[in-house]
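S.K.: Dumping the structure here so I can ask a few things about it.
The values are calculated or read from the model by the stated rules, or taken from the named source; none is laboratory data. Predicted model, so just to flag it, every value in this text is computed and none were measured. Using ideal geometry, Cβ is built from the backbone for each residue, glycine included, and neighbour counts are taken over all protein chains shown. Areas reflect the complete protein model, heavy atoms only, side chains present, ligands, DNA and RNA absent. Shrake-Rupley method; radii C 1.70, N 1.55, O 1.52, S 1.80 Å.
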Amino acid sequence: MFGKIISYVKDGNKLNIEFENRKGIIEIITKDIINIFSAFKYEDHFSRAIENLEIKECDYNIKKEEEFLEVSTGSLIIRVYDNFKVDFYNKNLELLCADYKAERKPFLRRGESQLSALEGHKLVDYNNNFKIQVVKELNGDEKFYGLGDKTGYLNKRGYEYEMWNTDDPTPHVESFKSLYKSIPFFITLTGNNTFGIFFDNNFKTYFDMGKENEDYYYFASDDGNLDYYFINGDNMCDVVSGYTYLTGKTPLPQMWTLGYQQSRWSYYPQSRIKELEKSLRENDIPCDAIHLDIDYMDNYKVFTWDNEKFNNPKKFLSDLKENGFKIVTIIDPGVKKEKGYHIYDEGIKNKYFATDKDGLTYVNKVWPGDAVYPDFSNSEVRKWWSNNQKIMMDTGVSGIWNDMNEPASFNGPLPDDVQFNNEGRGGDHREVHNVYGHLMNKATYEGIKEYTNKRPFIITRACYAGSQKYSTVWTGDNQSFWEHLRMSIPMLCNLGLSGLGFAGVDVGGFSFDCTKELLSRWVQVGCFSTLFRNHSALSTRDQEPWAFDQETLDINRKYIKLRYKLIPYLYDLLWHGESTGLPVMRPLVLHYSNDENVYEINDQFLVGENILVSPVVEQGKRVKAVYLPEGTWIDYWTKEEIEGQKSILREAPLDLCPIYIKKGSIIPNYPEQNYIGEKDIKELTLDIYPGNGQYTHYLDDAESFAYKEGKYNLYSFNMSENINEVDIEIKFPHSKYKKKYDNFKIVINSENISQVKFNNANINYEKQGKQIIILLPAIEGILKIYKLQ
Ligand code: MIG
């Protein structure tokens, strides 16, 4: 298609290459991130994912060889061949990624699928005519991770997917090619080599990860530009950092958003929420937020309240807040078509809605009946939508839950020819579909930020690459199936690798009726995911922690309380994530990519680097096979030390989720609270697993942007261990936030202690079971713990 290389010109960080038939550009973003571009539709990137990209200029060399052009950046060597085939090598000239130079050879499909279609089987629609297609050689055991919220297992090798935001309420299974989100990014791992590819194209895109042929994998699109980034890294963490360098990091949220959240479709009227509030407290279930689904609205009209169900929402929400409950309300994009409804009238007057090909306002059916679709690809419409957030914020709403923004309708996806502004360029639904939710989230974020000056809390169902800058995500309409509890682990892990650091699933399952055993096990996973929300569908059975029996309630309480204990650890992870791009919930392969035993682990995950969770995800099972990677791990419940790089069997009665802490960990804990912020925490507990390790704890006002101006404190703990003692050096490298701790409560998970000194003075300690408790004033110093010899 491109033809032979004719000439090339270096233009700053870009290398412009003239081929016989087209131009190609190699752009050096950093020495490890390379963009491959050819203008098939637009001369520029016109990216919705990447905003304010900072190019890190580096010296790079170009060499012309007989067969190829060679570019070297210091980290990477890139060889460009005729037909714009590109191969990437590391600096030692080891091949990382090569374009496949032959034609695709799909496997044979025998028989007539039309015949099986008669019985209702799905026809295989096999597409070979892409406008843009990049085919890469497959390397032996190459594995693929990422790709957003796709169903199935962690490793995507051998499957095909499509990026086309899809609301399909039937049970999500492995054959789904797409779900609600489009994150055209994946990470590959072969031996010790890892890299990422981000195909920044928001038309429908296709990813075949070695399904049609074991010799290659490909990504492709019907339209748009050839525009992808090769992201190099020494390890998978670097690749995630590189990807989020381009598309943005998940920002630090308000701390309360990490609390337990209770939802269902729907809690109303007011008295029902009062009842819920009472049940939560009576059953001693900590909770920070209650979600209101579509029924709080007047006839499903967004930005309105049904005054029969809620007679004074402002007063009601403020009373709830007094008691520690925040309210999150759902907002759909579909605006009810009704003259006299101010949102509709304003939108019509200003031409804010998408149109059909003749320029008439496009109408489809959603909850309010006939509805029209705000054109979020128009910055003026986004401004309007931002302003509308004020209506909700003024009523006292604390977060917005953006639903149905694929966009969905009662008649499936919108037709291809629905017209959008597309940032002034004009464009149809084929182009805007995958970024519709993304742009709605951006508008929501900007509005809430402006009106509240707090870190906005937005949960979204649909998104595109880069939506992590604006919103938290949940994985939509799962079912109360064991299979969906199992799937939630690889799904959340892959979302995390795809930049979406703040994610969760409907705990207990959305559709279908949950069982007590399923909820008991689900809360053991949910309490570790960043977004922790129990939600269920209209007319399913009650699914709150107390809706089953005493045992289920006790198990829910145990894990919800564990969650509240871990809040400072999770918050620290999010703070770190703002610079590293790493998620809270991580697959083991992210940190142990040299250990082939972890490549396919779908039923375990890490929380940060220090906590390993191996939940039971099968009905009736009371024992779990746990794989512990290298290092020494401590059973959270028994404090038993176990050497890693092996599998063990762990007894796991219904109330027990196997949890392991890595030796050398320091984990901050909060005291019990009914909700975050209930107590003014003057004493920070540090749960310490003696060994060698470093930990930095972060403290700020937990809600505003003042931390961006440096108003925060850092507490660093440096621990080292030898045969005689464990030393912890406590330092405060940054102290610009006015509130300080008074004390540190040091919990040492070891019994063999003879003496403790802080800054050279003997201090008291107390023995409690298998732990030693030391109370310290919160000052800098050196804590020395002498072992019993
Ligand atoms: O399925 O607003 O995924 O969480 O409860 C109908 C009602 C629309 C879909 C969301 C779900 C929500 C429901 N919505």
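S.K.: Would you kindly calculate the mean projected area, averaged across all directions, of the convex hull enclosing the Cα atoms of region 680-786, in square nanometres?
M.R.: Quarter of the Cα hull surface area: 7.1 nm².
S.K.: Using only the alpha carbons of region 34-101, determine the length spanned along each of the three principal axes and report them from longest to shortest in whole angstroms.
M.R.: Principal-axis extents of the Cα atoms in region 34-101, largest first: 35, 26, 20 Å.
S.K.: Calculate, axis by axis, the spread of Cα positions in region 158-242 along the three principal axes, and write the results as whole Å, longest axis first.
M.R.: Cα extents, longest axis first: 40, 26, 25 Å.
S.K.: Based on the Cβ-Cβ distance from residue 722 to residue 619, what FRET efficiency comes out when R0 is 45 Å, to the nearest 0.05?
M.R.: Calculated value: 0.45.
S.K.: For residue 726, what is the net charge nearby, where nearby means another residue's Cβ is under 12 Å from its Cβ and Lys, Arg count +1, Asp, Glu -1?
M.R.: In short, 0.
S.K.: If each of residue 101 and residue 53 carries a label point 7 Å out from its Cα toward its Cβ, how far apart are those two points in nm?
M.R.: Result: 2.8 nm between the two label points.
S.K.: Under the definition of Cα pairs under 8 Å and six or more residues apart, what whole-number percent is the relative contact order of the chain?
M.R.: 10
S.K.: Here is a further query. Can you work out the PRE-style zone for residue 43? Point 7 Å along Cα to Cβ, and I want the residues of region 16-30 with backbone N under 16 Å.
M.R.: Residues passing the 16 Å test: 16-17, 23-25.
S.K.: If you don't mind, another one. How high is the FRET efficiency from residue 736 to residue 596, r the C-beta distance, R0 35 Å, rounded to 0.05?
M.R.: 0.15
S.K.: A further question on this structure: Averaging the inverse of every distinct alpha carbon separation and then flipping it gives the Kirkwood radius. What is it for the chain, in angstrom units?
M.R.: Computed over the chain, the radius equals 27.8 Å.
S.K.: Multiply the residue gap between residue 632 and residue 356 by 0.36 nm, knock off their C-alpha separation, and tell me the result in nm, one decimal place.
M.R.: The residue 632-residue 356 span can extend by a further 93.1 nm.
S.K.: Accessible area of residue 237, 1.4 Å probe, to the nearest 10 Å²?
M.R.: Looks like 30 Å² after rounding.
S.K.: Let me ask something else about it. Take every Cα pair under 8 Å in region 5-247 that's 6+ residues apart, average their separations, divide by the length, and report that relative contact order as a whole percent.
M.R.: Worked out over region 5-247, it gives 19 percent.
S.K.: If the limit is 19 Å between Cα atoms, which of 662/770; 711/731; 150/177; 274/315; 639/679 go over it?
M.R.: Distance filter (> 19 Å) returns 639/679.
S.K.: Taking only the C-alpha atoms, wrap a convex hull around region 586-661 and report its volume per residue in Å³ as a whole number.
M.R.: In region 586-661, the Cα convex hull volume per residue is 81 Å³.
S.K.: Mind checking region 329-383 for trypsin sites (Lys or Arg not before Pro) that DSSP puts in a loop (not H, G, I, E or B) and that have at most 13 other Cβ atoms within 10 Å?
M.R.: Counting only loop positions with at most 13 other Cβ atoms within 10 Å, the trypsin sites (Lys or Arg not before Pro) in region 329-383 are 339, 357.
S.K.: Now a separate question. Rounded, prolate or oblate: which fits region 5-247 when a ≥ b ≥ c are the square roots of the eigenvalues of the alpha-carbon gyration tensor, with rounded for a/c under 1.5 and prolate only if a/b beats b/c?
M.R.: The shape class here is prolate.
S.K.: State, to one decimal in nm, how far the label point of residue 299 lies from the label point of residue 10, with both points 7 Å from Cα in the Cβ direction.
M.R.: Label at residue 299, label at residue 10, 6.7 nm between them.
S.K.: Also, quick follow-up: How high is the relative contact order of region 680-786, given as a whole-number percent (alpha carbon pairs under 8 Å, six or more residues apart)?
M.R.: Across region 680-786, relative contact order equals 29 percent.
S.K.: Rounded, prolate or oblate, given the Cα gyration tensor of region 460-512, with a/c below 1.5 counting as rounded?
M.R.: It comes out prolate by the Cα gyration axes.
S.K.: Apply 1/(1 + (r/R0)^6) to the Cβ-Cβ distance of residue 170 and residue 312, taking R0 = 35 Å, and write down the FRET efficiency to the nearest 0.05.
M.R.: 0.30
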